[in-house]
Amino acid sequence: MEGKNDVLSKLELEDLTDDLKLVASACGLDTVRQLLRNCPGMSIYVPKLSRLERFIVKYIKQNPEKSFKMLAKELGVTEQHIKRLFRESRFR
């Protein structure tokens, strides 16, 4: 009798849903297999980087020599977003 892991090893790209094909093209078929093994039935939302505010604040603090404009460009967010998070983080 084949185990669950053996079954997933036979999984190919054309067997996947459109969402999982996107994951496979970005992260590889092995990542899709790991998701299917470890997170079956789970809905996973992948936010834009701009929604990871803790990361952005940490990045701002780790790069004090960079201008708001440069930080915004690197992070793919607006300069206003960077300034707002910078102001808010000073009071935390």
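The values are calculated or read from the model by the stated rules, or taken from the named source; none is laboratory data. These numbers were taken from a predicted model, which means no experiment stands behind them. Note: ideal-geometry Cβ built from the backbone for every residue, glycine included; neighbour counts use all protein chains shown.
Observations
- Within the stretch 13-34, the set of residues being surrounded by 12 or more Cβ atoms within 10 Å (Cβ to Cβ) and among the hydrophobic types (A, V, I, L, M, F, W, C) comprises 16, 20, 22, 23, 24, 27, 29, 32.
- In the stretch 70-92, the residues that are surrounded by fewer than 12 Cβ atoms within 10 Å (Cβ to Cβ) and basic (Lys, Arg): 87, 90, 92
Each row is one residue, and each column tells you yes or no for (1) modelled with pLDDT of 95 or more; (2) aliphatic (A, V, I, L, M); (3) in a loop (DSSP other than H, G, I, E, B).
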{"residue": "22", "(1), (2), (3)": "yes, yes, no"}
{"residue": "25", "(1), (2), (3)": "yes, no, no"}
{"residue": "31", "(1), (2), (3)": "yes, no, no"}
{"residue": "46", "(1), (2), (3)": "no, yes, yes"}
{"residue": "50", "(1), (2), (3)": "no, no, no"}
{"residue": "66", "(1), (2), (3)": "yes, no, yes"}
{"residue": "69", "(1), (2), (3)": "yes, no, no"}
{"residue": "86", "(1), (2), (3)": "no, no, no"}
{"residue": "92", "(1), (2), (3)": "no, no, yes"}
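- Residue within the stretch 50-65 that is of a type outside the set (Phe, Trp, Tyr) and in contact with a Gly (Cβ under 6 Å, 6 or more places away or on another chain) present: no
- Filter pass, residue 7 being in a helix (DSSP H, G or I), among the β-branched types (Val, Ile, Thr) and more than 30 Å from residue 89 (Cα to Cα): yes
- Within the stretch 4-15, residues that are closer than 16 Å to residue 40 by Cα and at pLDDT 95 or above reach no partner that is not hydroxyl-bearing (Ser, Thr, Tyr) and not in a helix (DSSP H, G or I) with beta carbons closer than 7 Å at six or more positions or on different chains.
- Looking across the stretch 35-69, just one residue is within 16 Å of the chain's Cα centre (by Cα), farther than 20 Å from residue 88 by Cα and surrounded by 12 or more Cβ atoms within 10 Å (Cβ to Cβ), and that is 35.
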